[in-house]
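Quick notes on the structure that follows.
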Amino acid sequence: MRSPNDWVPTRQPVNAPREIMTLINWLMTHVIDPNDLFNGPLEESICINIKECLDTGDQFPSLQYGEEHGPLATVIASILVQLLDSLVDPVVPPYLYARCLQMTSRDEAFELRDGFPPDSVNVWISLTAFLHYISLQKLPSESSTDQANMAERLGASIMHYAELIRTSAE
């Protein structure tokens, strides 16, 4: 030991869970129509296949040219929500809820990032990048109701909103 700083561990950046990043990357690469995300039925066989791919690290099934990717997108979005819901701690910690609601610009959001726990930052950045990407996809069939539905589903998962409602009612 040459100095007191030798005892201080170097802070390593914490990566987002591989499974969450794999799901977000697939969605950003393949989803063109945000309506594919939460508007279709879940096909159990696809759910099982995707979960197995996440467990083993295998690639997701490839779509054939011209094949409808809506069912696969619906399953992947659903599994992403399930994974976010299963996290012990929400991506957005409760002490940041009020500040999140006050954000009106990208710069303010970047400042907010400094308040996140290290293990949540990369998940939050990836999810907000995905939501930004999806919000730019303007389709004639898209309505503000569809965008609100998507924001509600993902927002509830990153903030563990259902848990917040349950604990505040007790």
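For Ser135 and Ile48 in one chain, what is 0.36 nm times their gap in residues minus the Cα-Cα distance, to one decimal in nm?
28.4 nm
Could I get the Rg over Rh figure for segment 90-130? Both from C-alpha atoms, Rh via Kirkwood, rounded to two places.
0.91
None of the figures in this text is laboratory data; all of them are computed from the coordinates on show. Please read all numbers here as calculations on a predicted model, not as lab measurements.
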